[in-house]
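These notes concern the structure reproduced below.
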Amino acid sequence: MAIKLKKSYRFALRSSLYISILLTASLLLVFWITDSLDWKQLLLFLPISFLIPFIIIQTRVERFIYRRVKKIYDDVSLLESSSFSSRPVTTDMKTLTEEIGKFAKDKKVEIDTLKIREEYRKDFLGNVSHELKTPLFTVQGYILTLLDGALKDNKVNEKYLKRASKGVERLIYIVKDLDLITKLEVGDLNLEKEEFDIIELIKNVFELLEMKAAKKHITLTFDMAYANPIYVLGDDEKIQQVLTNLLVNSIKYGHENGTTEVSVENLIKNKVIIRVTDNGEGISREHIPRLFERFYRVDKTGNRDVGGSGLGLSIVKHIIEAHGEKIYVESEEDVGSEFSFTLEKVSKRD
C-alpha cells in the first residue's frame, strides 16, 4: 500500500495531541486538588498520553478508512483501468477528494463528448437514409412501372430506363464519396505527392466545368493574369477534386450572370493560399461551423434539386487535412462566399 505519510498521519497526530493536552490538563487538575504535584510523573505521562492514542487512532483510522477508500478506488478503476487505478491509494481525505473530483471532471468531459457523437451519429444515419432513399425509390418506381406493362410501350420504356439509370448513377456517386471519406478518416488513402503547377490545374478545372457554368451564365475567372507557373507540392488528382467540388458548389449556389473568381497568393515563405470567391447567395453565420460535416445542408427544406451527394465539402476538408494543410470559409448572405486552402509551395523550376 503506497501512502503519503505526511498527509495520512496528520489526523492521528492532531487527535493524539488534543487527547494528550486534555489528559495532561486533567492530571494537573488532580495534582492541584490533591496538592501532590510530581513533575517526574507528569513528564513521563506526557509522551505516553500522546503515543498510545496516536498508535490506536492511526491503526484504527487507517484500517477503517483504507478498506472503504480502497473499495472506492476499485469501483472507480472498473471505469478507467489505465489512469485512476495506477495511482497510490491514500487515506487522506483532501487528496482523495481532489483525485475523485478530477476523475469526475474528466468523465463528464468524456460523457459530453459521447453525447455529441451520439447526436452526430443520429444525424448522420438520418442523412444517409434520406440521401439513399430518394434515388432508391426513384429507381424502384420506374422499374415497377416498367414491369407493370410500360416495358412493352416503346415510347416510355427507354425514357424510364434512362431515368432509372440516372438514379443508379446517383447511388454509385454517393457510395464512392462515402468510401473516399472513410479512407480519408482512417488514413487509408495514400496521397501521391508531387510538384505540379497549380495555375495549370485550375485552368483544367475551368475547362471541365465550363459547360456547367455556362448554363447559369456564371463566369469562371482568375483574379489576375498569371504569366508564370506556381508550383506546389501535393496530390494533383486530389487537389483537382478539391477545386472541382468548391467550384461546383459555387456554380450551384451562384446567381445567374454571376462570377466565380480564383486567386493564388503567397501566404508565407513556403505556403500559398488558393481562394475561390463568388458573388452568390452566401451562407448565414449559424451554418458555417457545420459546413464541412457529412450530408450537412444549409437548405433545411430537404430540397435535392441541386444534386450532389452532400459530401463534397466534407471530402474537401479531409483531403486538405490529409495534406497537413488548412481550409477556411468566409461568407455573408446575399453577398457571396470565399473558400480558401493552403498548400506547400516549392521553388520555381529552371
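Hey, got a sec? Which GluC sites (Glu not before Pro) in the stretch 133-228 land in a DSSP loop and have at most 12 other Cβ atoms within 10 Å? List each step's numbers first, then the result.
Working: sites: Glu158, Glu169, Glu185, Glu192, Glu194, Glu195, Glu200, Glu207, Glu210; in loops: Glu192.
Answer in residue order: Glu192.
In terms of surrounding Cβ atoms within a 10 Å radius of their Cβ, Ser263, Ser16 rank from fewest to most as Ser263, Ser16.
Backbone N atoms of the stretch 247-270 closer than 18 Å to the 7 Å Cα→Cβ label point of Tyr173 belong to residues 247-254.
Here the stretch 170-248 and the stretch 320-350 have alpha carbon centers that stand 12 Å from each other. Annotation: the residues Tyr142, Tyr173, Tyr328, sorted from fewest to most other C-beta atoms within 10 Å of their own C-beta, follow the order Tyr328, Tyr173, Tyr142. Do any trypsin sites (Lys or Arg not before Pro) in the stretch 187-237 lie in a loop, going by DSSP, with at most 16 other beta-carbon atoms within 10 Å of their beta carbon, and if so which? Those that pass, being in a loop and sparsely packed, are Lys193, Lys216.
Model label points for Ala214 and Glu98, set 7 angstrom from Cα along the Cα-to-Cβ axis, are 7.4 nm apart.
Ordering Ala104, Asn154, Gly167 by Cα displacement along the dipole of the stretch 103-239 toward the positive end leaves Asn154 in first place; charges were set at the Cβ atoms of Lys, Arg (+1) and Asp, Glu (-1).
Taking R0 as 22 Å, what FRET efficiency do you get between Arg163 and Glu333 from their Cβ-Cβ distance, rounded to the nearest 0.05? It would help to have the intermediate numbers written out before the result.
Values: r = 35 Å, r/R0 = 1.59.
Computed FRET efficiency for Arg163 and Glu333: 0.05.
With 10 angstrom as the radius, rank Arg68, Arg294 by how many other C-beta atoms surround their C-beta, starting from the fewest.
Numbers: Arg68 10, Arg294 22.
Starting with the residue having the fewest Cβ neighbours, the order is Arg68, Arg294.
No lab work stands behind these numbers, since they all come straight from the coordinates. Note that the coordinates shown come from a computational prediction; the quantities given were computed from them, not determined experimentally. All Cβ positions, even for glycine, are placed from backbone atoms using ideal geometry, and neighbour counts span all protein chains on display.
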